[in-house]
Every structure is written in C-alpha cells, then in structure tokens.
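**Student:** Quick one: this structure, given as structure tokens, is what I'll be asking you about.
Any read-out appearing in this document is the output of simple, stated calculations on the displayed coordinates, not a laboratory observation. Remember, it's a predicted structure, so these values are computed and weren't measured experimentally. So basically every Cβ, Gly included, is an ideal-geometry build from the backbone, and we count neighbours across all protein chains shown.
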Amino acid sequence: MSFDHRIFNFAAGPATLPEEVLKQAADEMLNWRGLGTSVLEISHRSKEFMEVYEEVVQDLRSLMNIPSNYEILLLQGGGLGQNAAIPMNLMPLAKNGPKADYIVTGIWSEKSYKEAQKYGIANLAASSAAEKFNTIPPRNTWKLSSDAAYVLYCANETIGGVEFPDVPDVGKTPLVADISSNFLSKEMDVSQCAVWFGGVQKNIAPAGMTIVIVRKDLLGHSMGITPLIWDWSVQAGTQSMINTPPTFSIYMAGLGFKWLLGQGGVKVIEKRNQEKADLLYQFLDQSSFYENRVEKQYRSRMNVTFFLKDESLNAEFLAQSNAAGLVALRGHKAAGGMRASIYNAMPLAGVKALIEFMRDFERRA
Ligand SMILES: *Cc1c(COP(=O)(O)O)cnc(C)c1O
C-alpha cells in the first residue's frame with residue numbers, strides 16, 4: 001500500500017514526530033551548518049556538537065522549568081535500563097539496607113518493580129493488578145515503608161492507558177517518576193519528584209536516548225556494581241559523555257524542543273493534548289459500539305485504549321483503518337483491543353480523522 005501524503009500514525013513508540021522536525025532534519029542532513037557533513041558524522045566532543053548538547057539541555061531546562069539543583073542526564077539503555085540504574089543509584093540511601101517502595105499500576109511499573117528485586121528489597125506498596133490495571137489504588141491504601149530509599153511510580157501507563165492526574169504525595173521519601181510516555185505533555189512541577197526519567201521515543205525524538213532528571217543531593221551513593229554508563233554521578237561529571245552518546249537522538253530531541261518552544265511551550269501543548277483526548281473519550285462514551293474501560297479520572301491523555309464490544313470485528317477494524325491511513329491502532333498484546341497514542345506531535349486533525357472513521361465503521365457494521 002502506498003500513500004501520497006503522510007499517514008496518521010497512532011503508534012505507542014517509536015511514535016509520530018512533528019513533520020516540521022523531520023523536514024528540517026532531511027533538509028540539513030547532507031550539509032549541517034555549512035560543515036559539508038551531517039551532524040551524525042562529527043565527533044560528539046567537537047565544538048559544534050557540544051553546542052547542540054548545551055542547547056538541548058538548556059531548552060529542556062526551560063521547557064520543564066527545571067530548577068538548578070537538578071542534573072539533566074542524557075543516557076542510553078531506555079526506561080528498562082533505568083529500571084536497573086535507579087535501584088543501583090538510590091537503594092544504598094536506605095537506612096536499613098537496600099530497599100524501595102513500588103506502586104504498580106500497569107505493565108511498565110510492574111517491570112520496574114520486578115527489576116528492582118535484583119538489587120534489594122522491592123516492596124509492593126500498592127497494586128491495581130486485581131482491577132486489571134484499569135484504575136489507580138487510592139493513595140490512602142498505599143503501604144509505604146518508613147525506611148525506603150525512594151518510592152517509584154509510573155506517571156502514565158502506556159499499555160493500559162492509565163495516567164496519574166497529579167503527582168502523589170509520599171511525604172519526605174524521594175519520589176521517582178517514569179514519564180516515558182507523558183514527558184513534556186503537560187506542566188509538571190519538577191520539585192515534586194526527586195527523579196524523573198523516560199525514553200524519548202514516545203513523545204520527543206527517535207529511539208536511542210533516555211533522559212534522567214535527578215536532584216543533585218541524591219548523587220554519589222551508587223552500588224559498587226553499577227555499570228559506569230549508568231552511574232548517575234559519573235555521567236553528571238562528564239556531561240553524560242563517559243562514552244559515546246546517542247548523537248542522532250540528541251540532535252533530533254534538540255529539533256523537537258525548538259518545535260515545542262515554537263508551539264508556545266508545554267502549557268500550550270497541554271491544552272491541545274487535553275482537547276484531543278477529550279474529543280476521543282467523548283466519542284467513546286456516547287458510543288454503544290466502542291468502550292474505554294479505565295476509571296474516568298485516571299484516563300490517559302496520551303494513550304487512549306478502547307475495545308470494540310464485538311471483538312470479532314477487530315481484524316476488520318484494523319484492516320480498514322489501516323487502509324484509510326490511520327495506522328498502528330492495535331492494542332498492546334498484553335492488553336488486547338485497540339490503542340490510539342496521541343502524543344504531542346499528533347495533530348488535532350488526526351484525532352478528528354480517527355473519530356470520523358470510527359463513526360463510519362460503526363454505522364457500516
Ligand atoms: C516504553 C516505556 C518504557 C520502556 O522504555 P524502553 O525505552 O523501551 O526501555 C518504560 N516505561 C514506560 C511508561 C514506557 O512507556
């Protein structure tokens with residue numbers, strides 16, 4: 001199948017990127033800044049690339065309003081890499097031996113919880129597994145430890161489509177947030193968490209980079225076994241260049257940050273994201289043909305999961321939506337059904353086209 005225009009791509013990650021960003025990357029690919037080479041072919045330690053790096057860090061700091069007592073690390077290994085790096089860097093801070101609390105609200109936080117068990121005691125402080133991850137356990141039911149080094153939660157569960165509306169209050173214990181799939185999608189008060197982390201391939205740039213934003217007073221306590229590349233204090237001391245960084249992803253994130261600043265920043269994109277999600281959920285709610293199963297107050301603005309009530313129509317729905325240029329709507333295999341990921345780069349027109357298609361499919365079914 002071929003399209004003479006760009007499709008609307010609802011993939012969960014790697015995901016759609018702003019057209020302007022892709023065009024700019026294409027335009028300057030062969031001759032970047034008059035150097036006669038692409039940015040991908042130069043040393044990460046060159047003056048030119050270091051300028052890119054500095055700007056990326058500065059732009060992220062200004063987009064998220066990151067206070068100066070937080071370090072920004074540009075790493076590799078994805079969110080899953082950080083699932084190991086987080087306990088290795090933070091668990092030694094616990095008073096009575098390596099320990100941390102985990103809030104499990106879906107497949108991603110469950111993976112974080114399991115990985116942490118390799119490095120110390122991972123305490124399951126709350127879980128919505130029994131509710132099929134369609135909700136978030138009420139804060140007053142969480143069984144937090146008094147001697148945990150940190151509490152980890154996933155701000156947006158990409159697979160189930162469940163999002164925390166606010167940063168939970170866990171008192172004095174440092175809070176760690178996985179924001180892989182809602183990074184820069186709404187205003188976040190950085191000081192409310194000790195660590196924010198996420199891969200860039202959902203909402204920022206192509207795959208290859210993981211951003212860690214960490215409060216500086218937490219650095220310098222890593223376990224001896226911590227790989228050099230994931231030792232946050234080592235990376236903080238070398239501008240995240242203890243080894244070759246993912247230069248393409250860094251450069252593309254830079255273009256993405258400029259694009260977002262050009263849109264008016266996070267506040268403006270937050271409003272647009274809310275508008276897109278509201279439209280789609282309103283459509284789902286009035287339909288007797290489709291359904292979303294997530295408790296309303298915890299519905300994700302980024303990953304809208306839905307089911308056809310007659311699941312025997314799934315294959316036909318996917319084939320027809322695909323043919324209409326609305327692609328990658330199949331839900332994650334662990335969740336089934338459908339999922340429309342509508343990150344920052346998904347235009348309102350894409351959501352409207354999806355709703356139009358779904359209405360028409362229902363009418364014809
Ligand atoms: C995609 C995702 C991950 C895993 O990221 P990788 O970069 O593939 O390791 C972790 N957490 C969340 C919430 C995600 O969406």
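**Student:** Can you say whether Ile72 is more than 16 Å from the ligand (Cβ to nearest atom) and not in a loop (DSSP other than H, G, I, E, B), as far as the supplied structure shows? I'd like the intermediate steps shown before the answer.
**Tutor:** On the way: more than 16 Å from the ligand (Cβ to nearest atom): yes; not in a loop (DSSP other than H, G, I, E, B): yes.
So Ile72 fits the description; yes.
**Student:** Something else about it: Looking for something surrounded by 14 or more Cβ atoms within 10 Å (Cβ to Cβ), more than 16 Å from the ligand (Cβ to nearest atom) and assigned to a loop (DSSP other than H, G, I, E, B) - is there at least one such residue anywhere in segment 18-33?
**Tutor:** Start the filter on segment 18-33 by keeping residues that are surrounded by 14 or more Cβ atoms within 10 Å (Cβ to Cβ), which leaves 18, 20-22, 24-25, 28, 32.
The next check asks that each one be more than 16 Å from the ligand (Cβ to nearest atom); those that pass are 18, 20-22, 24-25, 28, 32.
Among the residues that remain, those that are also assigned to a loop (DSSP other than H, G, I, E, B) are: 18, 28.
Yes.
**Student:** Condition first: out of contact with any Phe, Trp or Tyr (no Cβ under 9 Å at 6 or more places or on another chain) and under 24 Å from Asn203 (Cα atoms). Now tell me which residues in segment 302-342 satisfy that.
**Tutor:** Thr305, Leu318, Asn322, Arg330, His332, Lys333, Ala334
**Student:** Looking at (1) of a type in the set (Gly, Ala, Ser); (2) within 30 Å of Asn292 (Cβ to Cβ); (3) within 16 Å of the ligand (Cβ to nearest atom); (4) out of contact with any strand residue (DSSP E or B) (no Cβ under 8 Å at 6 or more places or on another chain), which one does Gly160 not meet, given that it meets all the others?
**Tutor:** Result: Gly160 passes all but (4).
**Student:** Out of Lys276, Lys216, Lys271, which single residue is surrounded by fewer than 18 Cβ atoms within 10 Å (Cβ to Cβ) and farther than 18 Å from Phe197 by Cα? Reasoning before the result, please.
**Tutor:** On the way: Lys276 fails: surrounded by fewer than 18 Cβ atoms within 10 Å (Cβ to Cβ); Lys216 fails: farther than 18 Å from Phe197 by Cα.
Only one candidate passes the filter, namely Lys271.
**Student:** I'd like the full set of residues that are touching a Leu at 6+ places or on another chain (Cβ under 6 Å) and of a type in the set (A, V, I, L, M), limited to segment 267-298.
**Tutor:** If the condition is that a residue be touching a Leu at 6+ places or on another chain (Cβ under 6 Å) and of a type in the set (A, V, I, L, M), then no residue fits.
**Student:** Where in segment 116-227 are the strands (runs of 3 or more DSSP E), entirely inside, with at least 2 residues that are over 18 Å from Pro92 (Cβ atoms) and more than 15 Å from the chain's Cα centre (by Cα)? Before you say what the answer is, go through the steps one by one.
**Tutor:** Details: elements: 121-127, 151-154, 175-178, 195-199, 210-215.
In segment 116-227, 121-127 are the strands (runs of 3 or more DSSP E) which contain 2 or more residues that are over 18 Å from Pro92 (Cβ atoms) and more than 15 Å from the chain's Cα centre (by Cα).
**Student:** Could you list, in sequence order, all residues of segment 130-153 that are surrounded by 14 or more Cβ atoms within 10 Å (Cβ to Cβ) and hydrophobic (A, V, I, L, M, F, W, C)?
**Tutor:** Residues satisfying the conditions are Phe133, Ile136, Trp142, Leu144, Ala148, Ala149, Val151, Leu152.
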